[in-house]
1. I'd like the residue in the stretch 57-86 that is among the small types (Gly, Ala, Ser) and assigned to a loop (DSSP other than H, G, I, E, B) and, out of all such residues, is farthest from Pro32 (Cα to Cα).
2. Restricting attention to the stretch 30-48, report how many residues are in contact (Cβ under 8 Å) with a residue 24 or more places away in the chain, assigned to a loop (DSSP other than H, G, I, E, B) and within 20 Å of Val107 (Cα to Cα).
3. What residue, among those in the stretch 50-100 that are β-branched (Val, Ile, Thr) and touching a residue at least 24 places away in the same chain (Cβ under 8 Å), is most open to solvent (accessible area, probe 1.4 Å)?
4. Of all the residues that make up the stretch 33-47, how many are basic (Lys, Arg) and surrounded by fewer than 17 Cβ atoms within 10 Å (Cβ to Cβ)?
5. Residues of the stretch 12-26 being in contact (Cβ under 8 Å) with a residue 40 or more places away in the chain and of a type outside the set (A, V, I, L, M, F, W, C), which ones?
6. Which one of Arg21, Arg30, Arg16, Arg12 is open to solvent by less than 70 Å² (accessible area, probe 1.4 Å) and out of contact with any Pro (no Cβ under 6 Å at 6 or more places or on another chain)?
7. So which residues in the stretch 1-23 are more than 15 Å from Arg66 (Cα to Cα) and either under 11 Å from the mean Cα position of the chain (by Cα) or not β-branched (Val, Ile, Thr) (or both), if there are any at all?
8. Could you go through the stretch 49-56 and let me know if any residue there is under 13 Å from the mean Cα position of the chain (by Cα) and assigned to a helix (DSSP H, G or I).
Amino acid sequence: MADQIQIEDFERVEIRVGVIREVEDFPEARKPLYRLRIDFGPETGERRSAAGLPEGYPDKDALLGRQVLAVLNFPPRRIAKFMSECLVLGVPDEAGGLSLLAPDRPVPLGGRVY
């Protein structure tokens, strides 16, 4: 089990709901990734992310319009000439693949996890 943190530590992590607007292959990356454009609503706007989704989500079109949870306040990270501006969240499935975290019903974009 990880070390315990204080509630103030968790409150510093800005996890918000966005919707995937664009998915592109990312052949320049060393491991299988997609380049995503995610809309977090009018207050936060759009962010780009490099996400390891191809193995668990081979149908790029099925990701379009899907709501996801992402961390917005990590520093941007350059991955093969692409600036990833947020971290899309997921958990491993039984086969070791990725399952995206998302609300169980549609919610307003930009909603913050608390």
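The values are calculated or read from the model by the stated rules, or taken from the named source; none is laboratory data. Note that the coordinates shown come from a computational prediction; the quantities given were computed from them, not determined experimentally. Here the Cβ is made from the backbone with ideal geometry for all residues, glycine too, and neighbour counts use every protein chain on show. Surface areas here come from the heavy atoms of the whole protein model, side chains and all, with no ligands, DNA or RNA. Shrake-Rupley method; radii C 1.70, N 1.55, O 1.52, S 1.80 Å.
1. Kept after step one, since they are among the small types (Gly, Ala, Ser), are these residues of the stretch 57-86: 62, 65, 70, 80, 84.
Filter again for assigned to a loop (DSSP other than H, G, I, E, B), leaving 65, 80.
On the way: Gly65: 21, Ala80: 12 Å.
The extreme case among them is Gly65.
2. Initial filter on the stretch 30-48 (in contact (Cβ under 8 Å) with a residue 24 or more places away in the chain): 30, 33-36, 38-44, 46-48.
With assigned to a loop (DSSP other than H, G, I, E, B) added as a condition, the list becomes 30, 33, 40-44.
Pick out the ones that are also within 20 Å of Val107 (Cα to Cα) and you get 40-44.
Selection size over the stretch 30-48: 5.
3. Ile79
4. The total comes to 1.
5. Answer for the stretch 12-26, where residues must be in contact (Cβ under 8 Å) with a residue 40 or more places away in the chain and of a type outside the set (A, V, I, L, M, F, W, C): Arg12, Glu14, Arg16, Gly18, Arg21, Glu22.
6. Values: Arg21 fails: open to solvent by less than 70 Å² (accessible area, probe 1.4 Å); Arg30 fails: open to solvent by less than 70 Å² (accessible area, probe 1.4 Å); Arg12 fails: open to solvent by less than 70 Å² (accessible area, probe 1.4 Å).
It is Arg16.
7. Applying the first criterion (more than 15 Å from Arg66 (Cα to Cα)) to the stretch 1-23 yields 1-15.
Met1, Ala2, Asp3, Gln4, Gln6, Glu8, Asp9, Phe10, Glu11, Arg12, Glu14, Ile15 - these are the residues of the stretch 1-23 that are more than 15 Å from Arg66 (Cα to Cα) and either under 11 Å from the mean Cα position of the chain (by Cα) or not β-branched (Val, Ile, Thr) (or both).
8. Checked against the condition, which is being under 13 Å from the mean Cα position of the chain (by Cα) and assigned to a helix (DSSP H, G or I), the stretch 49-56 yields no hits at all.
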